[in-house]
1. Viscosity 0.890 mPa s, temperature 25 °C: give me the Stokes-Einstein translational D for segment 27-98 in µm²/s, with Rh taken as the Kirkwood radius over C-alpha pairs.
2. Taking the Cα-to-Cβ direction at Lys240 and at Asp258 and moving 7 Å from each Cα, how far apart do the two end points lie in nm?
3. In debye, nearest 20: dipole of segment 170-214 around its Cα centre with unit charges on the Cβ of K, R (+) and D, E (-)?
4. Where in the chain is the longest stretch that carries no GluC sites (Glu not before Pro) classed as loop by DSSP and with at most 16 other Cβ atoms within 10 Å?
5. To the nearest 20 Debye, how big is the dipole of the chain about its Cα centre, given +1 on the beta carbon of each Lys and Arg and -1 on that of each Asp and Glu?
6. What does the helix-only formula give at 222 nm for the chain: each DSSP H stretch with n ≥ 4 adding -39500 (n - 2.57), the total divided by the residues, and the result rounded to the nearest 500 deg cm²/dmol?
7. Please give, to one decimal in nm, the separation of the simple spin-label points placed at Arg230 and Thr10, each 7 Å out from Cα toward the Cβ.
8. In a GNM of the chain with a 10 Å cut-off on Cα contacts, which of Pro170, Pro32, Pro129 has the highest mean-square fluctuation?
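Here, each number is a calculation from the coordinates, and none is a lab measurement. Nothing here was measured: the structure is a model prediction, and the numbers come from that model. Every residue, glycine among them, receives a Cβ derived from its backbone with ideal geometry; neighbour counts consider all protein chains shown.
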Amino acid sequence: MTTRDFFESTDGTRLYKQTWGTPEKGVIVLLPGFADHLGRHKHLVRALTERGYGVEGFDHRGNGQSGGVRGHVEHFDQYIEDLHAFLRPIWQYNKPTFLLGQSHGAHIALRYGLLHPKSELIGVIAAAPFLGMNEQLPMTKRWMASLASTFWPRFHESNKLQIEVLSHDPDIIEETKQDPLYGRVATARWYTETLKAMDETIKRAHEFTYPLLMQLAGEEKIVDPNAGRRFFEKVHLNSKSIIEYPGYFHEIYNETPDRRGPVFEDLGNWLDDNLP
C-alpha cells in the first residue's frame, strides 16, 4: 500500500509526503539527500517493506514535490523543524521508529538526534552522511558566498552535483539525468547555513544518545567520508556500528543489484537487532 499527501510545516510550507507498506515491526522515516526526492528510493523502500517495516518520508523543502524556493533554506534548522512536524503523527502509532537518512538527509537525522535527545526514536541510520564537502571552495568563493548569503540569500547557481558518481548502476544514472524533480541549484544561504551546521553537528557528536548505524561508501566522490568518521568516533555509545563498502559510490542504496543486496542485508539485520 502506498499513500501520497502533503503536510504543513511550522512556517506553513507544504511538504510532500509518502507512505509505503505496513509497520508490522516498526516505522522507518526516510530522509532523502539534497537535490534528491522520495521517488528515487524504490529499491530501498522495497527492501524495507519486504522485511516487515513501514516506510514514511517526505521531500525536503525546496526539493522534489515539496514547496519552498529550490535549493534554499533560510536557516539549516528549518529542516529539523520540518522533520519534527512530520514526526508528530507518527508517534501516535506507538511503533518502534527509526530515522534513516541518505547524505544530506543523514546529516538532518543526526542533527535531529542531537537537538531532540529525549524523543521516542529508537535508532538512527546515517548512509554516506553529508557532514563535510568533498571539495572545498576556494577562499575567495567562500567569501563571496558569505557576502551573497547576507545581502542576496536567494542568489543561486548550479549545485555542481556529479550525477555520474552517484552510483555504478547505469539505469540509476540515466534516470537521474532525465529526472525533472532532481535539483540542479543551490542558494548562497543554503551553502553557508549547511557549512555552519556541519561544523556544529560534528563538534556536538559526543552528545548523541541514540543507537547508530553509519554506512559509508568506499569510493566516495560526493561528500567527505572522513567527516562522517569523525562524528562516529566522537559518539560515546556502545550501541554504534559503522560499515564501509569498498568500491561503492555515494548512493549505496542505489548501487547495482549485486552491490546493494549486501547493504540492505546489513541494514535489515541492524534494524531487527535494535528492536525493543
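1. Estimated via Stokes-Einstein, D reaches 187 µm²/s.
2. 3.4
3. 280
4. 136-218
5. Dipole about the Cα centre, nearest 20: 640 debye.
6. The helix-only estimate for the chain comes to -11500 deg cm²/dmol at 222 nm.
7. Here the modelled spin labels are 2.7 nm apart.
8. Pro170
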